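Notes to accompany the following structure.
None of the figures in this text is laboratory data; all of them are computed from the coordinates on show. This is a predicted model, so every value here is computed, not measured. Glycine gets a Cβ as well: all are built from the backbone with ideal geometry, and neighbour counts include every protein chain shown.
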Amino acid sequence: MTETPILEVRNLVQDFHINRKFTVKAVSGITFTVGKGEVFGLVGETGSGKSTVARSVIGVNRLTSGKIFFKGSEISDKAVYRQQKADLQKNMQIIFQDSAAALNPQMTVAQIIGEPLEINRLCKTKEELDRIIYENLQQVGLSEIYRDKYPGELSGGQRQRVAIARSIAIHPDLIIADEPIGSLDISIQAQIVTLFQELQKKHRFSFIFIAHDLSIIRFISDRIAVMLKGKIVEMADTQELFENPLHPYTKSLISSVPVPDPRYERVKKIIEYDTSVFTGEGDFKEVSQGHYLLN
Amino acid sequence: MTVIHESRRNESEMDVLLHLENLSLSFDTPEGEVQAVRGVDLTVKKGEILAIVGESGCGKTVMCQSVMKLLPGNARIASGKIIVDGTDITNYSEKEMRSLRGTTFSMIFQDPMATLNPTMPIGKQITEAIHQHRNVSNDEAKSRALELLELIGIEDPVHRYDLQPHFFSGGMRQRCVLAIALASNPKIIFADEPTTALDVTVQAKMLNLLLEIRDKTGVAIVFVSHDLGVVARIADRVAVMYAGKIVEIGTVEEIFYDPRHPYTWGLMQALPSLAKDGQPLKSIPGMPPVLLKPPKGDAFAERNEYAMKIDYELMPPMFQITPTHNAATWLLDERAPKIQSPFCLNQENKNQ
């Protein structure tokens, strides 16, 4: 990739001081880039630091150290961040797992989708606002009747669609989705994943997709990073990662995913990896074209 | 329906542990009667793992809880029978049920922390379950508890015996719950999404453990899950539930390699791991029906692209495909157009 990436994260370290004696090292030095229009998958087990990365990137956490560049400007620098705040908040959007908590229960669907449009002054008249809200509802597959409903009246899948509509409406350059389908049913999961894919193709936004489910990540991502204990252990193009996994943890993860094929499952060998031996030490280096490994 | 009853006669009566006969279960709510389970026929045999698959709200959990009579007061068995080991327990009182829980059936839930007492050492929670059903001394109970901890693969059980649940990881907690469930040698374990809250690597170990326990103790497991990958790994037989009914049931091979019900096709097609490269996922349109007023015909008709006129009018009966494989769809009627399953699990999919 020769053009400037949308997002570049360099040596991001994120510690949380609980008290004088105890510090949680959530993320300990990770580096990655997300290109324009790329779908970047971040996968790892509970507590591996995936969500912390997402929150640090959108500026919720104050970084312990490291740098984050968004479209070439260093947003981890406070002065730069303050200067570009309005632009950043429009161009970076996040979608959470728990859509019930992410939507204000006292606002109607139309108000929820309209709010960021008004704040960012993206429409001049009331009619234009109505039209954009309508278009975005259509885009995420909700009909007009949902306009005046409250989040409490919607199902989990529908709420997640509203959260997506709200993010899409202001045409961001980067969307971070933190386990967006984790709490949904299988058939609804498929609907939402398909929706993400359609929207991504249409609007060409860059997309960081965080999940613990490797089969979804594999399906949607162009490139995948595998996280373990606050480190990226391996990062490669999707096909390369699945055909040629190098880190023992990646191998173990891939072999652990249950495949819906009983005869295969019966003979499958699960590769075990004892994560307690993982120290996180070593260099994160490119071993072949675009394939990075912590070794 | 008669077809099934004939096939059942062939099964050796000895092996059947649990038999649900046309079981219907309703909740009385202020809005009206919610028919959560609608006429389920099901058997569980000794030592088998039966998986129940379906979307949330299809009645899979409620069905298990109805057997154990763990339902709230507004639930009632509208019709049908629950037969355990040849005894009809449909009208058992709470006192009679209590002696069955633990000895005949146990249940494991999704969230181990909700099952375990956070203030009580793990060992004590297991011995408590043992004392409940057997008149044994404290030492005997303790040695049995240590045996169980060993069985479920907890290292250094003597030391861990005295630790509270918060010292354990999520996977280990779920193992401890399993130990409690196994404490008085139940014949059936109902496992309600026992691995959903676990990481994939931990989940793989837990599934292996369940298979191992089944082989060692011969306990039957009713495994409720929505994850078809997990089901493929663990199940001997699979029942697919939709809107309170079993729409297809068969051996795990029959369900995965030769599914007949359009809903089963839909579930399979929605799986990202089975999608062909570059092709979009196919999802089932719409939402499951509300069971307050279940539709007159086939509940799946509205979401079914193969629905025929009769689907909206008459509920399809169970059609027998093989002695072990049944599906409730009008597509299997001889008058229906022959439709090739759009979904085919072929060898190419074994790509991992």
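Structure notes:
- Using the Karplus relation 6.51 cos²θ - 1.76 cosθ + 1.60 with θ = phi - 60°, the per-residue 3J(HN,Hα) values for region B:38-45 come to 10, x, 9, 10, 7, 10, 10, 9 Hz, with x marking Gly and Pro.
- Straight-distance crosslink candidates among aspartates and glutamates, where the alpha carbon sits under 15 Å from B:Lys187 and sequence neighbours closer than 8 are dropped: B:Asp15, B:Glu48, B:Asp85, B:Asp215
- Of A:Lys36/A:Lys71; A:Lys251/B:Lys282; A:Lys25/A:Lys90; B:Lys46/B:Lys216; A:Lys50/A:Lys231; A:Lys231/A:Lys285, pairs whose Cα-Cα distance is over 18 Å: A:Lys251/B:Lys282; A:Lys25/A:Lys90
- In the protein assembly as shown, helical runs assigned H by DSSP with n ≥ 4 each contribute -39500 (n - 2.57); averaged across all residues and rounded to the nearest 500, the mean residue ellipticity at 222 nm is -10000 deg cm²/dmol.
- Residue among A:Pro180, A:Pro262, A:Pro248 with the largest mean-square fluctuation in a Gaussian network model of chain A, springs linking Cα atoms under 10 Å: A:Pro262
- Inter-site label distance for A:Tyr81 and A:Thr279 at 7 Å from Cα along Cβ, in nm: 3.3 nm
- Where N is the number of residues in the protein assembly as shown, Cα Rg divided by 2.2 N^0.38 Å: 1.02
- Residues in region B:260-275 carry Karplus couplings, in order, of 10, 8, x, 5, 4, 4, x, 4, 5, 5, 7, 7, x, 6, 9, 6 Hz; the curve used is 6.51 cos²θ - 1.76 cosθ + 1.60 with θ = phi - 60°, and Gly or Pro positions show x.
- Whole-Hz Karplus values for region B:110-116 come out as 5, 9, x, 5, 6, 8, 7 Hz, taken residue by residue from phi with 6.51 cos²θ - 1.76 cosθ + 1.60 and θ = phi - 60°; glycine and proline positions read x.
- Counting Lys and Arg as +1 and Asp and Glu as -1 over every other residue whose Cβ lies under 14 Å from the Cβ of B:Lys142, the net charge comes to -2.
- Distance-filtered residues of region A:57-76 - backbone nitrogen under 16 Å, label point 7 angstrom along A:Thr31 Cα→Cβ: A:65-69
- Förster radius 45 Å - calculated FRET efficiency between A:His203 and A:Arg62, Cβ distance, rounded to 0.05: 0.90
- To the nearest ten degrees, helix A:156-169 and the longest principal axis of the Cα atoms of chain A are 80 degrees apart.
- Fewest neighbouring Cβ atoms within 10 Å first, the residues B:Leu71, A:Leu195 line up as B:Leu71, A:Leu195.
- Each residue, A:Glu74 and B:Leu314, gets one label point 7 Å from its Cα in the Cβ direction; the gap between the two is 7.7 nm.
- Partner aspartates and glutamates whose Cα lies under 12 Å from the Cα of A:Lys229, excluding those fewer than 8 positions away in the same chain, are identified as A:Glu45, A:Glu281.
- Folded to 0 to 90 degrees: helix A:186-203 orientation relative to chain A principal axis, Cα: 80 degrees
- Relative contact order (percent, whole number), chain B, Cα cutoff 8 Å, 6+ residue spacing: 20 percent
- Taking B:Glu302, B:Glu334, B:Glu33 as the candidate residues, the one with maximal mean-square fluctuation in a Gaussian network model of chain B, Cα springs under 10 Å, is B:Glu334.
- 5 angstrom amide H check on B:Lys45, placed H, neighbours 5+ away: B:Leu17
- Cα gyration tensor shape of region A:175-295, rounded if a/c is under 1.5, else prolate or oblate by comparing a/b with b/c: oblate
- Residue with peak Gaussian network fluctuation, chain A [Cα springs, cutoff 10 Å], from A:Ile220, A:Ile119, A:Ile58: A:Ile119
- The relative contact order of region A:7-294 comes to 23 percent, based on Cα pairs under 8 Å that sit 6 or more residues apart.
- Once you reduce region A:231-295 and region B:151-202 to the center of their Cα atoms, the two points are 27 Å from each other.
- Where labels lie 7 Å past Cα in the beta-carbon direction, separation of B:Ile339 and B:Leu70 in nm: 3.6 nm
- Angle between chain B longest axis and helix B:122-133 axis [Cα atoms, degrees, rounded to 10]: 80 degrees
- Charge dipole of region A:7-294 about the Cα centre (unit charges at C-beta), most positive-ward option of A:Gln97, A:Leu253, A:Cys123: A:Cys123
- Of the trypsin sites (Lys or Arg not before Pro) in region B:109-187, the ones in a loop by DSSP (not H, G, I, E or B) with at most 16 other beta carbons within 10 Å are B:Arg134.
- Euclidean distance between Cα centres, region B:97-129 to region B:240-317, Å: 35 Å
- Entry note, region B:252-324: relative contact order of 22 percent, from Cα contacts under 8 Å with a spacing of 6+ residues.
- Average partner coverage of A:179-190, which counts Cβ from other chains inside 10 Å: 6
- Cross-link partners of A:Lys149 among lysines, defined as those whose alpha carbon lies under 22 angstrom from its own and excluding same-chain residues fewer than eight positions apart: A:Lys126.
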